[in-house]
Amino acid sequence: MILVDTSVWIDYFKGVENPHTDLLDTSIIQGSVAIGDLIFLEILQGIRNDRQYRQTKQSLLSLNQYDMFGKDMAGKCVDNYRALRKKGITIRKTADIIIATFCIENDFPLLFLDRDFIPFVDHLGLEAALRET
């Protein structure tokens, strides 16, 4: 099972072909894609067309769903953020901290295009679902 970041989903829905969207397509067919509530939110809030919104929402609801944030995760996210800051690395988006920490804590490989996840791979044990990320 892999978790897929919004950055890959956006390319996928736009029809962009690259190794990330190819792996996403294969993983959907195999039934090995999970989605977190935060990623679900990020994807759907970016869709302007009502028809496309309904179709995308229905498709995403067919995936394994996970709640990504809560009281226990908040502390773990802060710890990860601080660990990277001590190394001189600042993660720009809180959502990326939550997604990376959720994957680390739950042993989910993450499929991503967003470079903000690389420090989590390099320093905190996040597993990239695609090695050449």
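The values are calculated or read from the model by the stated rules, or taken from the named source; none is laboratory data. Because the structure is a prediction, the values reported are computed rather than measured. Note: ideal-geometry Cβ built from the backbone for every residue, glycine included; neighbour counts use all protein chains shown.
Descriptive notes on the structure:
- So Gln65, is it of a type outside the set (D, E, K, R), part of a helix (DSSP H, G or I) and free of Cβ contacts under 8 Å to residues at least 60 places away in the same chain: no
- Within the set Lys57, Lys14, the sole residue that is charged (D, E, K, R), surrounded by 13 or more Cβ atoms within 10 Å (Cβ to Cβ) and over 23 Å from Asp107 (Cα atoms) turns out to be Lys57.
- Unmet criterion (only one of (1) surrounded by fewer than 20 Cβ atoms within 10 Å (Cβ to Cβ); (2) closer than 15 Å to Ala129 by Cβ; (3) in contact with a helix residue (DSSP H, G or I) (Cβ under 8 Å, 6 or more places away or on another chain); (4) among the aliphatic types (A, V, I, L, M)) for Val33: (1)
- When Gly15, Gly46, Gly31 are screened for being under 17 Å from the mean Cα position of the chain (by Cα), among the small types (Gly, Ala, Ser) and farther than 27 Å from Pro119 by Cβ, only Gly31 passes.
- Flag for Ile91 being in contact with a Leu (Cβ under 9 Å, 6 or more places away or on another chain) and either exposed (fewer than 13 other Cβ atoms within 10 Å of the Cβ) or assigned to a loop (DSSP other than H, G, I, E, B) (or both): yes
- Residues of region 98-114 that are under 9 Å from the mean Cα position of the chain (by Cα), among the aliphatic types (A, V, I, L, M) and not in a helix (DSSP H, G or I): Leu110, Leu111.
- Some residue of region 69-83 being closer than 25 Å to Ser27 by Cα and modelled with pLDDT under 95: yes
- If the condition is being assigned to a helix (DSSP H, G or I) and at pLDDT 95 or above, then region 13-28 contributes Pro19, His20, Thr21, Asp22, Leu23, Leu24, Asp25, Thr26, Ser27, Ile28.
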